Every structure is written in C-alpha cells, then in structure tokens.
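The values are calculated or read from the model by the stated rules, or taken from the named source; none is laboratory data. None of the values given here were measured: they were computed from a predicted structure. Heads up, the Cβs are rebuilt from the backbone with ideal geometry, glycines too, and the neighbour counts pull from every protein chain shown.
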Amino acid sequence: MENMKLERTKRIRKLAAWTWTWVATMAIATFGPEFIWDKHSFLTPFAIIVNLANGILMILANRDLFNHFDELERKIHLESMGITLGLTVVVGLTFSLLDQKDLISFDAEIGFLVMFTGLCYLTAVLINTRRFK
Amino acid sequence: MKNKIRDLREQKGMTQEELAEFIGVSRQTINAIEKQKFDPSLPTAFKMAKLFGLPIESIFQFEEK
C-alpha cells in the first residue's frame, strides 16, 4: 500500500507540475506578444507551440495518473468525464447561440467554457465519490 | 450483488486497509464493495476468492434487479 501511495503521489506531482507549466506557458503566449517581446515574428508562434507541447505532456501525465486508478476510481472519473463532456457540448452550444442571437450582453469567450468544464468535472467527481462512500 | 466480504474479512482478522493492500485496490473500494454499493471486477473477485479459499459463487450472490 505504501508503494501504491508513493506511486500515486509521484504521478499527482507530475500532473501538477505539467498543469502549472501549461498555465504559465499559456499566460506567456497570451501576454508575451504585447508586454514582453512586442509581437516578434518568431517568438509569438514559438510560445504558442511550446504551450501546445506542454499541454500534450499534461494530457499524458493525466493518462498516467488515470492508469494508476483502481476500478472504483476509474468508474467515478469515467462517469464524471461523460457528464462533463455532455454538459460542455450542450451548454457550450447554447452559450454560443445566445451570443450569435445577441441575447447576452457579452461575448461567448472560450474561457467561460473552460471554467465551466473544470467546475463541472470537479462537482461530478465530488458527487460520484459521495455516492460510493 | 450481495457479498460476504465483510464477514469473511473479519473472520480472517483483517482490516479494510490490509485487504485492500492484498487485492491491490484502495480502502475506499473495499468499503464500497462491502456496503454493496460497487460490484468488483472479475479479477478482483477471483483474488478475493483465492484469499478466502472459497469459490466465487459462495462469496458473491447475483440478484436480479
């Protein structure tokens, strides 16, 4: 069990590290062209590619953690992912439609959808974990 | 699915943590199986049957819902 816990901690730390660097490279790619390198023709696409590569490594780290889950944890996370995916598509398209038809006073930015996805997944995992307690 | 995991574990004097370690799952999973909130996979059921020295069908009883 100690080995399992150590391995779990190692994989969580790896995922946390890739997630934080992904957020950091996203911030650099977003604000860098305006505030750091003044829209340099090489640095802007380079920062975006670095961010994309970092995101792929974050996904691989998440897969590594998922592969370490036991059968109940996998069920909890798979159900949560299913609910999150469904809600993100349905709510995302509704949100976009509201924007297109000018029924909301602000733009339907992708950032809102990302926040919604994160909160939805977190809520679904908490509810599903409680279900099996 | 009904099961006798809690009784069998207690007869063996094992804690949920010890059983979880032997089977290779988390303690929460053992707890969910004992409370019949979660049905284990076939490999997990076989590992339990081997540990308790009983056939699977005497540990788990299928119930039509």
Failed item in (1) among the hydroxyl-bearing types (Ser, Thr, Tyr); (2) more than 11 Å from the chain's Cα centre (by Cα); (3) within 14 Å of another protein chain (Cβ to nearest Cβ), with residue B:41 passing the rest: (2)
Any chance residue B:26 is at the interface with chain A (Cβ under 9 Å from one of its Cβ atoms) and either over 10 Å from the mean Cα position of the chain (by Cα) or small (Gly, Ala, Ser) (or both): yes
Cβ pairs under 9 Å, 6+ apart, first in the stretch A:13-34 and among the small types (Gly, Ala, Ser), second outside any helix (DSSP H, G or I): A:32/A:40
So residue A:48, is it under 20 Å from residue A:18 (Cα atoms), of a type in the set (A, V, I, L, M) and free of Cβ contacts under 8 Å to residues at least 24 places away in the same chain: yes
Count of the stretch B:20-50 residues which are surrounded by 16 or more Cβ atoms within 10 Å (Cβ to Cβ), free of Cβ contacts under 8 Å to residues at least 24 places away in the same chain and not in a loop (DSSP other than H, G, I, E, B): 9
Single residue of A:116, A:95, A:132 found to be within 14 Å of chain B (Cβ to nearest Cβ), among the aromatic types (Phe, Trp, Tyr) and surrounded by 13 or more Cβ atoms within 10 Å (Cβ to Cβ): A:132
Positions within the stretch A:53-80 being more than 14 Å from chain B (Cβ to nearest Cβ), of a type in the set (A, V, I, L, M, F, W, C) and surrounded by fewer than 14 Cβ atoms within 10 Å (Cβ to Cβ), in sequence order: A:53, A:56, A:59, A:60
Selection within the stretch B:3-18 - touching a residue at least 12 places away in the same chain (Cβ under 8 Å) and among the hydrophobic types (A, V, I, L, M, F, W, C): B:5, B:8
Residue check for residue A:12: assigned to a helix (DSSP H, G or I), at pLDDT 95 or above, closer than 30 Å to residue B:27 by Cα and not assigned by TED's automatic domain parsing to the domain that holds residue A:129: yes
Residue match in the stretch A:83-93 (condition: under 26 Å from residue A:30 (Cβ atoms), part of a loop (DSSP other than H, G, I, E, B) and within 17 Å of the chain's Cα centre (by Cα)): no
